[in-house]
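Read through the structure below, which is laid out as structure tokens, and then see the notes.
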Amino acid sequence: MKFFSFAKITAVSCIAALATGSASACKCGARYYGRNNWEVAKLEVDGATAVFEGTPERFENQWNILKAKDGERIPANELSSKPTQSGAMLVTFRVQRVYKGDLGPEIEINTGFGGGDCGAVYALGVTYLIFANITSAQHLGVSMCSPGGWIADGDVAAQLRYLRKEQPLASDLVPWRRQTPAEYAAQQKQRRRDSEDFKKRYAEVTGKICGTAFEEKPEGANPGLIEFLSAAGYSPIEHPTVYVNSDGSFCSGPLGPGKYYLYFRKGSGGSRSAVYYPGVGERMKATAVEIGAGQTKSDITFKISQQKKYSVRGIISTNDMSGLDLQSAEVLLISLDGAPYSGWYRQAIDFQSTSLFPKVKYFDLQDVLPGRYVAYVSVPGRDWFTKKEEVNVTGHMKFISLELEHGK
């Protein structure tokens, strides 16, 4: 999760291509302006609905695509709508200290998936200072632009002193002013020392998982990557991921204390190889690896066996082509077994191409790994709907029929 210094002067934007192929942009600019850290801390507290110290314990995916029943009519723009409208992720915090708001021992906070939608990203078991506000859906929510952060981060020190009614330090009261290029350059060494100190202290409250991944029959030169999926839940878009080195070795970045499923994946636009540790195709058969604060687990041997692949083919029919631009629609296979976004399969659908039946289009998704999926038709914009269609890919080709409906 990215947090900003008190002045919040520099606008920061991050762009992530979501499954529709369109881009979702997140921009964080100044919300509160103050003369110094202390004054801005007061403004941030006054502007929040709830302020507390808490530790994330569970993460739940709230997408309609996954939560809806098989055959239920759902919006076709779920992958391009703002996550604040649908509450993409629900994070349950164990509350440790309350500064503002009527909170119990646990609190549920809504946020996005991360990766460009302004979603806040938290590490399991790490304590944070949280500033939450009521969203349009009348839930408490946060974003990557919210104040706060890891409780031991120097950027939140002034906020904590203000909240705990401690005396401000001299640095909290220094008037903010823009640095000259020479002043900024002169502080480069200090920033580097601060960064190294942050990494050292953060390593004391987190852990790492390292090991070696062996492919029995390697496919292509790309050694693949490993995704670390918390057993307490995770965002399908943004979660810890590392590339496997050419010699098969890998080592995660800092992970919050807890249990993780290791997920090896290879291929783009849908996984060509996807295996859970110690070498199984289903998460329910996988072994979770547990780490504690300050611990590095480095004895993992991950064997990657070759997997069979199948095709999912079918037709998409629509009642209205007028709003479908060239390749504006896509058909996707979204995993119901917990595989993250990187392992989804997708194909653009051209409704403007000439055919005998213009309102019916054929699709063919190749090299699909066995598993349970949702076949979903995605279209940007409002007033488009589709029906949730679950597909179980087992030992043979699948043929399915999908609908795309325009109208309320």
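Taking the Cα centre of the range 111-181 as the origin and placing charges on Cβ (Lys, Arg +1; Asp, Glu -1), which of Leu140, Pro181, Pro168 is farthest toward the positive end of the dipole? Farthest along the dipole direction, towards plus: Pro168. In degrees from 0 to 90, rounded to the nearest 10, what is the angle of the helix 37-47 Cα long axis to the longest principal axis of the chain? Between helix and principal axis, roughly 50 degrees. Summing charges over all other residues whose Cβ lies under 9 Å from the Cβ of Lys297, with Lys and Arg as +1 and Asp and Glu as -1, gives -1.
Residues Met321, Met144, Met284, Met89, arranged from fewest to most other Cβ atoms within 10 angstrom of their Cβ, appear as Met284, Met321, Met144, Met89.
Looking at the range 208-304, the DSSP beta bridges with both ends there are about 75 percent antiparallel.
Couplings for the range 385-394, taken from phi via the Karplus curve 6.51 cos²θ - 1.76 cosθ + 1.60 with θ = phi - 60°, read 9, 9, 10, 5, 10, 8, 10, 10, 8, 10 Hz in order; Gly and Pro are left as x. Once the Cα atoms are used to define both axes, helix 188-203 deviates from the longest principal axis of the chain by about 70 degrees.
Given +1 at the Cβ of Lys and Arg, -1 at the Cβ of Asp and Glu and no other charges, the dipole of the range 208-304 around its Cα centre is 140 debye to the nearest 20.
The distance separating the Cα centre of the range 288-323 from that of the range 162-200 comes to 42 Å. The C-alpha radius of gyration of the chain, expressed as a fraction of 2.2 N^0.38 Å, stands at 1.09.
Of all DSSP beta bridges confined to the chain, the antiparallel ones make up roughly 85%.
So which of Lys200/Lys297; Lys67/Lys217; Lys67/Lys398; Lys200/Lys266; Lys67/Lys199 end up more than 26 Å apart, counting from Cα to Cα? Could you put the intermediate results ahead of the total?
Working: Lys200/Lys297 18 Å; Lys67/Lys217 37 Å; Lys67/Lys398 23 Å; Lys200/Lys266 32 Å; Lys67/Lys199 38 Å.
The pairs that break the limit, which is 26 Å between Cα atoms, are Lys67/Lys217; Lys200/Lys266; Lys67/Lys199.
Of the residues Thr49, Gly279, Leu129, the one whose Cα sits farthest towards the positive end of the charge dipole of the chain is Leu129 (charges of +1 on Lys and Arg Cβ, -1 on Asp and Glu Cβ, taken about the Cα centre). Candidates Ile400, Phe363, Phe351 compared by Cα position along the dipole of the range 310-406: farthest toward the positive end lies Ile400, with charges placed on Cβ.
Here the dipole of the range 310-406 is about 160 debye; that uses its Cα centre as origin and unit charges on the Cβ of Lys and Arg (positive) and Asp and Glu (negative). Sorting His239, His396, His139 from the fewest to the most surrounding beta carbons within 10 angstrom yields His396, His139, His239. With neighbour counts taken as other beta-carbon atoms within 10 Å, the residues Tyr33, Tyr310 rank, fewest first, as Tyr33, Tyr310.
From its DSSP helices (H runs of at least four residues, each -39,500 (n - 2.57)), the chain gives a residue-normalised ellipticity at 222 nm of -3000 deg cm²/dmol.
If the only charges are +1 at each Lys and Arg Cβ and -1 at each Asp and Glu Cβ, what is the size of the charge dipole of the chain around the Cα centre, to the nearest 20 debye? Could the numbers behind the result be given before it?
Numbers: 48 positive and 43 negative charges, 110 e Å.
That gives a dipole near 520 debye.
Note on the chain: GNM, Cα springs under 10 Å; of Arg193, Arg283, Arg372, the largest mean-square fluctuation is that of Arg193.
No lab work stands behind these numbers, since they all come straight from the coordinates. Just so you know, these numbers come straight off a predicted model, no measurement behind them. Positions of Cβ are generated from backbone atoms using ideal geometry, with glycine treated the same way; all protein chains shown enter the neighbour counts.
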